[in-house]
Amino acid sequence: VIVDAHAHIVPPGVEDAVRSGAWTGVIDLRDVDGREVFFVGGEARSPFPANLVSVERRISIMDSQGVDVQLVSSWVGSVVDDLPPEVAIPWAQAFNDALIDVSRASGDRLLALAQVPMQSSSAAVAELERVMADPHVVGVEIKTMIDGADLDDPLFEDFWAAAAKMRCLVLIHPDRALSGRLSDRHFMSNTVGNPAESTIAAVSLICGGVLERHPGLRICLVHGGGTLPYQIGRLDHAHRELHSKVGGLPELPSAYARRLYYDTVTHSPEMLRFLLEFVGADHVVLGSDYPFEMGESDPLGLLDSVQGLDPRDRMRIAGANVERLISQIARP
Ligand SMILES: [Zn+2]
């Protein structure tokens with residue numbers, strides 16, 4: 001089974017509800033200069049991307065890519081973890097119910113990575129437990145930063161404990177890179193900012209001791225892990241020379257980095273090969289970042305262009321790793 005672990009969706013039921021005005025003031029779609037723009041809490045967020053909704057088009061593209069199953073996660077523009085919990089909780093529940101509906105109706109082609117209202121740890125845990133009771137949900141997607149807080153903030157300790165106990169997948173995804181430090185000049189918010197965000201999230205989890213305290217976590221970084229694999233020697237050096245400054249942990253940062261999972265969305269067979277050598281084929285999963293223009297339109301083609309890839313490793317990356325992880329989930 002070929003599995004694409006990094007693909008985004010807005011379920012048709014969510015689009016219908018937003019268009020009907022059911023979420024006015026929370027999420028709105030408004031016309032701005034002839035483009036449909038997503039508004040979150042009344043603030044213009046991002047143009048509504050094409051092809052996020054249609055399941056028919058998605059399945060036909062999966063067929064053309066040779067992908068059997070997509071793990072579908074929220075488009076991060078639809079995650080509202082900077083709004084008050086009293087609106088974010090019902091939004092996440094409604095989004096997830098529609099996500100489960102579309103997965104259930106897909107004939108085993110789509111499995112869900114739900115969204116959780118991370119601005120309230122107790123609400124995030126409650127929603128995690130609710131959705132993980134459904135076999136169509138295999139985990140969650142969260143952002144690299146939650147309303148200004150890094151992922152090792154004590155606010156999120158209960159969430160990490162719950163996710164580790166269930167061994168569910170946690171896909172960590174950048175949004176609004178570097179808090180606006182990078183404008184869209186040279187498209188750096190994406191090409192530089194997104195990998196930087198993933199790196200900050202990963203180093204927070206490593207040096208903040210989250211991975212040390214919760215060995216059951218099954219965390220996947222997107223875009224090949226940002227710059228983490230390439231810069232891991234620098235972190236290890238800091239650990240040896242300035243131990244307490246980088247967490248004072250018993251193991252080297254690289255040992256924790258090898259507990260993480262990474263997708264293949266690198267746009268470079270050479271960099272993908274480097275990632276595989278660093279982390280091992282058991283910790284790399286196929287990704288497309290569908291339907292975005294910065295995604296990989298031929299994920300298996302990229303994998304097959306890696307020089308000297310062992311055919312057994314290819315099968316692990318293309319699907320067996322995700323199948324193994326899903327088989328290890330302990331549902332509530
Ligand atoms: Zn993505």
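What the table shows:
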| quantity | calculated |
| --- | --- |
| Additional length obtainable on full extension of the chain from Glu241 to Asp184, 0.36 nm per residue less Cα span | 16.8 nm |
| Value at 222 nm in deg cm²/dmol, rounded to 500, when DSSP H runs of n ≥ 4 in the chain each add -39,500 (n - 2.57) | -11000 deg cm²/dmol |
| Radius 14 Å from Cβ of Ala22, net charge of other residues (Lys, Arg +1; Asp, Glu -1) | -3 |
| The range 260-329: GluC sites (Glu not before Pro) in DSSP coil with no more than 14 other Cβ atoms inside 10 Å | Glu293 |
| Cα→Cβ-extended label distance, 7 Å offset, between Ile59 and Glu36, nm | 2.1 nm |
| Two-site label geometry, His267 and Asp16: point separation in nm, points 7 Å out along Cα→Cβ | 3.7 nm |
| Contour excess over end-to-end distance, with Cα ends at Arg213 and Asp304 and 0.36 nm allotted per residue | 29.1 nm |
| Local electrostatic count at Val279 - Lys and Arg +1, Asp and Glu -1, tallied over other residues with Cβ under 13 Å | 0 |
| Ranking of Leu309, Leu71, Leu325 by count of other Cβ atoms within 10 Å, fewest first | Leu309, Leu325, Leu71 |
| Cut-off 20 Å (backbone N to label point 7 Å along Cα→Cβ of Asp282), residues of the range 232-276 | 251-264, 273-276 |
| The range 55-208: antiparallel DSSP beta bridges as a percent of all, rounded to 5 | 15 percent |
| Total formal charge among the other residues, if their Cβ is under 12 angstrom from that of Pro250, Lys/Arg +1 and Asp/Glu -1 | -1 |
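Each reported figure results from applying straightforward, stated rules to the coordinates on display, with no laboratory input. Predicted model, so just to flag it, every value in this text is computed and none were measured. All Cβ positions, even for glycine, are placed from backbone atoms using ideal geometry, and neighbour counts span all protein chains on display.
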